[in-house]
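The values are calculated or read from the model by the stated rules, or taken from the named source; none is laboratory data. Computed from a predicted model, the values in this text were never measured in an experiment. Cβ coordinates were reconstructed from backbone atoms using ideal geometry, including for glycine residues, and neighbour counts include every protein chain displayed.
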Amino acid sequence: MGQSVLVPGFARVGGRLYADGVSLSRIARDIGTPTYVYSAARIREQYRRLESALMSALPDVAHRIHFSVKANSNLAVLRTLQELGAGVDIVSAGELYRTREAGFGGADVVFSGVGKTADELSQALNSMVLFINVESEGELRLLNDVAASMELVAPVTLRVNPEVTVESPHEYIRTGEKGHKFGIPYDDAMHVAMLAHELPHVKLVGLDMHIGSQISTWAPYEQALARIKPLIASLRAAGVTTLQWLDIGGGLAVTYDDEAPADVDRFAAGVAEAVRGLGLSLVVEPGRFLVAESGVLLTRVLYRKRSGGKEYIITDAGMNDLVRPSHYQAYHRIDAVDTVDTQVTADVVGPVCESGDFLALQRVMPDVQPGDLLAVQTAGAYGFVMASNYNSRPRPAEVIVDGDRFALATERERLEDLVRLERAHLRWRNAE
Ligand SMILES: Cc1ncc(COP(=O)(O)O)c(C=O)c1O
């Protein structure tokens, strides 16, 4: 089957793009388009890179990588990470359900998120998650009540907003600056932590931060940890002896265009310096870093058109399939699956009825024609998970490649799926 390549991930062999050992055109022929394609080998490579950097920098500090499920919650992707020994970071009961389906145990799970409901908290306690990252005093009090009703004590880490400046490419992916909705405001952290220490049905087991995403330098982590560490010292000075965990969140950057990727060794060395001697175990929550470069969105060119002096390439994938370009003005490299020698400057747009529906604007790229296949690169994180049915478009299929084999991981939605939960014939209820 096909020509095998040894490079994990997406590489050109003889003028044709491959995912590991499988040509993308073969996948398009069997599964159709638009389709997300993931390379299991590339996921493993990223995980092992981070794990070995942490292992060499922190040989004497217990640590674990908890994959941030929001980046890619496909069961086959989760299973690949579970087999590597990863834990998970979740933000909803839906993600909890997925992780359990993928084989993660409760102790593999940390539960983050700014708006957890009582029901979600009780599901997390039922699953005996490792800890719950609490983001407000209100949530702490609710969790205490929920745990009391279940006659349990909930393990709690407080997500503190370190209120530092984070350089990241879009304001929507900064989460640790003053005034952000995430975490407990820095000045309130001691008060809420002491409350956690006192409430009978929660146990304060650590502190947590997550400062943003697509962070390529160590400096913001360093600044944030410099704010968190005095809190640990103050809590201990106030008699808190239960701290076990420091969760430093995710955020490691990848290369979409020509940005510097995260320097994993620098990151690990920085973390080692910051946490050595603290006497806490470390949790990191990378999402994008583990899966972004492991995925492409495979799409077919439907039409070419010229309008107002501009060239358009109209594809069968749109903003409902990959919203990052229009939502975050994000750059994704776009390659022709079969090499095309000539180039064009064009807008690559989808079929959705929105002027904001684009995959690239004024891009110098291969001069592809209707019927040709394109691979939208670095689409493995925040891709399918953010897909919607806008314009009543079924969501795309997902495929995972492993060596020279590939498997359908998610079927393409069918038209019936679009209306499965809806009712055309209503059963009215009287308000009285
Ligand atoms: C609490 C938390 N942890 C981890 C992540 C993962 O971030 P990234 O994909 O940048 O690593 C996020 C993403 O927003 C998050 O909200």
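Checking the structure you have, find out if any residue of segment 242-250 is within 24 Å of ILE90 (Cα to Cα), in contact (Cβ under 8 Å) with a residue 24 or more places away in the chain, away from the ligand (no atom under 16 Å from the Cβ) and not hydroxyl-bearing (Ser, Thr, Tyr).
Yes, the conditions are met somewhere in segment 242-250.
Would you pick out the residues in segment 357-373 that are in a strand (DSSP E or B) and either on the phi > 0 side of the Ramachandran plot or at pLDDT below 95 (or both)? Spell out how you get there, then give the answer.
Just the residues of segment 357-373 that are in a strand (DSSP E or B), to begin with: 358-366, 373.
Once the filter is applied, which keeps residues that are in a strand (DSSP E or B) and either on the phi > 0 side of the Ramachandran plot or at pLDDT below 95 (or both), segment 357-373 yields only GLN362.
I need the full set of residues from segment 47-75 which are in contact with a helix residue (DSSP H, G or I) (Cβ under 8 Å, 6 or more places away or on another chain), small (Gly, Ala, Ser) and more than 13 Å from the ligand (Cβ to nearest atom), in order please.
ALA53, SER56, ALA57
Quickly run through segment 377-392 and pick out the residues that are in a loop (DSSP other than H, G, I, E, B), among the hydrophobic types (A, V, I, L, M, F, W, C) and more than 12 Å from VAL254 (Cα to Cα).
Result: ALA387, single match.
Checking LYS181 against (1) touching a residue at least 40 places away in the same chain (Cβ under 8 Å); (2) more than 16 Å from the ligand (Cβ to nearest atom), which single condition isn't satisfied?
Among (1) touching a residue at least 40 places away in the same chain (Cβ under 8 Å); (2) more than 16 Å from the ligand (Cβ to nearest atom), the lone unmet condition for LYS181 is (2).
Taking segment 96-117 as the region of interest, how many residues are more than 15 Å from the ligand (Cβ to nearest atom), under 16 Å from ASN72 (Cα atoms) and either at pLDDT below 95 or not in a loop (DSSP other than H, G, I, E, B) (or both)?
Number of matching residues: 4.
Out of SER136, SER127, SER92, which single residue is in contact (Cβ under 8 Å) with a residue 12 or more places away in the chain, hydroxyl-bearing (Ser, Thr, Tyr) and closer than 19 Å to GLY250 by Cβ?
Among SER136, SER127, SER92, only SER92 is in contact (Cβ under 8 Å) with a residue 12 or more places away in the chain, hydroxyl-bearing (Ser, Thr, Tyr) and closer than 19 Å to GLY250 by Cβ.
Which of (1) more than 16 Å from the ligand (Cβ to nearest atom); (2) under 23 Å from the mean Cα position of the chain (by Cα); (3) over 30 Å from TYR256 (Cα atoms) does HIS197 not meet, given it meets every other one?
Of the numbered conditions (1) more than 16 Å from the ligand (Cβ to nearest atom); (2) under 23 Å from the mean Cα position of the chain (by Cα); (3) over 30 Å from TYR256 (Cα atoms), the odd one out for HIS197 is (2).
Tell me, yes or no, whether segment 253-272 has at least one residue that is polar (S, T, N, Q) and either outside the structural domain of ASN133 (by TED's automatic domain parsing) or away from the ligand (no atom under 15 Å from the Cβ) (or both). I'd like the intermediate steps shown before the answer.
Kept after step one, since they are polar (S, T, N, Q), are these residues of segment 253-272: 255.
Restricting the remaining residues to those that are either outside the structural domain of ASN133 (by TED's automatic domain parsing) or away from the ligand (no atom under 15 Å from the Cβ) (or both) gives none.
Taking every residue of segment 253-272 in turn, none turns out to be polar (S, T, N, Q) and either outside the structural domain of ASN133 (by TED's automatic domain parsing) or away from the ligand (no atom under 15 Å from the Cβ) (or both).
Out of the strands (runs of 3 or more DSSP E) lying entirely within segment 232-307, which hold 2 or more residues that are charged (D, E, K, R)?
Passing ranges, in order: 295-307.
Do you know which residues across segment 408-432 are part of a strand (DSSP E or B) and either more than 22 Å from the chain's Cα centre (by Cα) or buried (at least 16 other Cβ atoms within 10 Å of the Cβ) (or both)?
Narrowing segment 408-432 to residues part of a strand (DSSP E or B): 408-410.
Those that are part of a strand (DSSP E or B) and either more than 22 Å from the chain's Cα centre (by Cα) or buried (at least 16 other Cβ atoms within 10 Å of the Cβ) (or both): ALA409, THR410.
Quick test for you: out of LEU374, LEU415, LEU421, pick the one residue that is in contact (Cβ under 8 Å) with a residue 24 or more places away in the chain and either farther than 30 Å from GLU83 by Cβ or not polar (S, T, N, Q) (or both). Explain how you work it out, then say what you get.
Values: LEU415 fails: in contact (Cβ under 8 Å) with a residue 24 or more places away in the chain; LEU421 fails: in contact (Cβ under 8 Å) with a residue 24 or more places away in the chain.
Step by step, each of LEU374, LEU415, LEU421 is checked, and only LEU374 is in contact (Cβ under 8 Å) with a residue 24 or more places away in the chain and either farther than 30 Å from GLU83 by Cβ or not polar (S, T, N, Q) (or both).
Of all residues in segment 368-403, how many are within 21 Å of ASP335 (Cα to Cα), in contact with a helix residue (DSSP H, G or I) (Cβ under 9 Å, 6 or more places away or on another chain) and within 16 Å of the ligand (Cβ to nearest atom)?
6
Please verify whether segment 211-218 includes one or more residues that are modelled with pLDDT under 95, within 14 Å of the ligand (Cβ to nearest atom) and not in a loop (DSSP other than H, G, I, E, B).
Scanning segment 211-218 turns up at least one residue that is modelled with pLDDT under 95, within 14 Å of the ligand (Cβ to nearest atom) and not in a loop (DSSP other than H, G, I, E, B).
Residues of segment 273-299 being charged (D, E, K, R), farther than 24 Å from VAL399 by Cα and within 15 Å of the ligand (Cβ to nearest atom), which ones?
GLU285
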